[in-house]
Amino acid sequence: MKIIAIGRNYADHIQELKNEKPDEPVVFMKPDTALLRNDDPLYYPEYTQNIHYEVEILVKICQEGKYIQEKFAPKYYDSIGIGIDFTARDLQQKAKEKGLPWLLAKGFNGSAPISEFVPKEKYPDLQNLNFSLKVDGDTKQDGNTNLMLYTVDSLIAYVSQFITLKKGDILFTGTPKGVGPIQRGNVLEAFIEDQKMLTCEIK
């Protein structure tokens, strides 16, 4: 199982971080040791002083595929969830300045809390899905998948040209605006539509 993630997939998030709009999807990966399940807490590591939350819609791959055509992409995922792409922003900035990979900034232990997955049929239109993140009860991120630069199906088609997708793989599809830092004691809650799907306490 692997975690494939997409950066810079919402224009308003690109603007808030003063990044360039990509000409093609920005793809990176997290190791499976990044996963946090069952509402487990994140223990703030000592090697960073600036972790940001980034809430994202997730899809789970249900069968192996490569060179998938976009029109056939829906056959390759059967469920969706929500997750948080924790990013050590200080480590990321240092890497970007040197033109180095983001792995340590994005892939550290516990950097990918995920919810349970639900059948995609629960939602009539995956490209018109509201999702949000609250920190200590205040809404910090509030997005809709219709604002994605690259749709779920196009992402699956794109990634599968380079990387074979396998059953159980998880795709993080990008975050909307509103990212910000976390502190010990924060409680993060992630929602799809009005349903709370994930809680993560920072310790």
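Looking across the range 138-165 at every residue that is over 17 Å from the mean Cα position of the chain (by Cα) and within 15 Å of Gly178 (Cα to Cα), the one that is surrounded by the fewest Cβ atoms within 10 Å (Cβ to Cβ) is identified as Asp138.
Identify, from the list Ala88, Ala105, Ala112, the residue that is under 16 Å from Pro31 (Cα atoms), at pLDDT 95 or above and out of contact with any Phe, Trp or Tyr (no Cβ under 8 Å at 6 or more places or on another chain).
Working: Ala88 fails: out of contact with any Phe, Trp or Tyr (no Cβ under 8 Å at 6 or more places or on another chain); Ala112 fails: out of contact with any Phe, Trp or Tyr (no Cβ under 8 Å at 6 or more places or on another chain).
Only one candidate qualifies: Ala105.
Pairing each residue of the range 177-203 that is under 12 Å from Ile114 (Cα atoms) with any residue that is outside any strand (DSSP E or B), provided the two are 6+ apart or on different chains, yields C-beta distances under 6 Å for Met197/Ser115; Leu198/Ser115; Thr199/Asp39.
Quick check: is even one residue across the range 21-29 closer than 18 Å to Ala190 by Cβ, outside any loop (DSSP other than H, G, I, E, B) and modelled with pLDDT of 95 or more? Write out each step before concluding.
Within the range 21-29, the subset closer than 18 Å to Ala190 by Cβ is none.
Within the range 21-29, none of the residues are closer than 18 Å to Ala190 by Cβ, outside any loop (DSSP other than H, G, I, E, B) and modelled with pLDDT of 95 or more.
Tally time: how many residues in the range 56-105 are more than 18 Å from Pro176 (Cβ to Cβ), among the aliphatic types (A, V, I, L, M), part of a strand (DSSP E or B) and in contact (Cβ under 8 Å) with a residue 60 or more places away in the chain? Final tally of qualifying residues: 1.
Of Glu116, Glu121, all but one fail to be among the charged types (D, E, K, R), in a loop (DSSP other than H, G, I, E, B) and exposed (fewer than 14 other Cβ atoms within 10 Å of the Cβ); the exception is Glu116. Scanning the range 169-178 for residues that are under 16 Å from Ser132 (Cβ atoms) and touching a helix residue (DSSP H, G or I) at 6+ places or on another chain (Cβ under 7 Å), which turns out surrounded by the most Cβ atoms within 10 Å (Cβ to Cβ)? If we take residues in the range 169-178 being under 16 Å from Ser132 (Cβ atoms) and touching a helix residue (DSSP H, G or I) at 6+ places or on another chain (Cβ under 7 Å), then Thr175 is surrounded by the most Cβ atoms within 10 Å (Cβ to Cβ).
Just a yes or no: is a residue in the range 161-176 more than 19 Å from Ile3 (Cβ to Cβ) and not acidic (Asp, Glu)? Yes: one or more hits.
The values are calculated or read from the model by the stated rules, or taken from the named source; none is laboratory data. None of the values given here were measured: they were computed from a predicted structure. Using ideal geometry, Cβ is built from the backbone for each residue, glycine included, and neighbour counts are taken over all protein chains shown.
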